[in-house]
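The values are calculated or read from the model by the stated rules, or taken from the named source; none is laboratory data. Everything quoted here is computed from the prediction, not taken from an experiment. Quick reminder, even Gly has a Cβ in these numbers, built from the backbone with ideal geometry, and neighbours come from all protein chains shown.
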Amino acid sequence: TAAAAAAAARKSHACDTCGKAFRDVYHLKRHRLSHTDERPFQCPVCQQRFKRKDRMASHVRSHQGHVHKPYACGHCGKSFSRPDHLNSHVRQVHSTERPFKCQTCEAAFATRDRLRAHAVRHEDKVPCHVCGKLLSAAYVSDHLRVHG
């Protein structure tokens, strides 16, 4: 139908890794970072790194003046401005539970994002054009940095 064709045209930029489609290259590039551990945006105050520029900018604002952080971790006392940030912290730092299991090997992870980042290790390997080392396609650009 014409409506289906229009919808497909609106989302014509597909992720090579998972097939998810986006309406423009910007959103596709932002999504691709979800498949890697790459964090290209760095806070100029504390050097914490982020996958997305908007998340880094939000974080930088936390250094400017007092940010109300009423959600304290019962394990270590670290405080958070949002309850979902506290929950993520507890799950990633303090929990021994690893509910996200790799379907290829025995690895298990506390978060879905960490499992996704791990899963690229099992993708088909491609050789580095400089040294010939076999790498997951998602890691080639990171690896090329070792060659200068």
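Points worth noting:
- Only one entry in R39, R52, R112, R116 is under 18 Å from C18 (Cα atoms) and either of a type in the set (S, T, Y) or surrounded by 14 or more Cβ atoms within 10 Å (Cβ to Cβ) (or both), namely R116.
- Residues within segment 29-72 that are acidic (D, E) and in a helix (DSSP H, G or I), tallied: 1
- Members of segment 73-114 found to be closer than 18 Å to S58 by Cβ, among the small types (G, A, S) and in contact (Cβ under 8 Å) with a residue 12 or more places away in the chain, listed by number: S81, S88
- Scanning segment 1-38 for residues that are closer than 21 Å to R112 by Cα and either modelled with pLDDT under 65 or of a type in the set (S, T, N, Q) (or both) gives T17, S34, T36.
- Of all residues in segment 132-145, none that is within 17 Å of R32 (Cα to Cα) and in the same structural domain as R39 (by TED's automatic domain parsing) has its Cβ atom under 7 Å from the Cβ atom of a residue that is in a helix (DSSP H, G or I) and modelled with pLDDT of 75 or more, 6 or more apart or on another chain.
- Considering segment 65-108, and only residues there that are in contact with a strand residue (DSSP E or B) (Cβ under 6 Å, 6 or more places away or on another chain) and among the hydrophobic types (A, V, I, L, M, F, W, C), the residue that is nearest to V45 (Cα to Cα) turns out to be F80.
- Set P70, P127, P44: member being surrounded by fewer than 13 Cβ atoms within 10 Å (Cβ to Cβ) and touching a helix residue (DSSP H, G or I) at 6+ places or on another chain (Cβ under 8 Å): P44
- When H66, H89 are screened for being over 24 Å from R39 (Cβ atoms) and not assigned by TED's automatic domain parsing to the domain that holds D37, only H66 passes.
- Single condition H63 does not satisfy, out of (1) without any contact (Cβ under 8 Å) to a residue 60 or more places away in the chain; (2) surrounded by 13 or more Cβ atoms within 10 Å (Cβ to Cβ); (3) not hydroxyl-bearing (S, T, Y): (2)
- Number of positions in segment 88-126 that are in a loop (DSSP other than H, G, I, E, B), modelled with pLDDT of 85 or more and hydroxyl-bearing (S, T, Y): 1
- For segment 127-148, residues that are of a type in the set (A, V, I, L, M) and part of a loop (DSSP other than H, G, I, E, B) total 1.
- Residues that are in contact (Cβ under 8 Å) with a residue 12 or more places away in the chain and hydrophobic (A, V, I, L, M, F, W, C) within segment 22-55 comprise V25, L28, L33, F41, C43, V45, C46, listed in sequence order.
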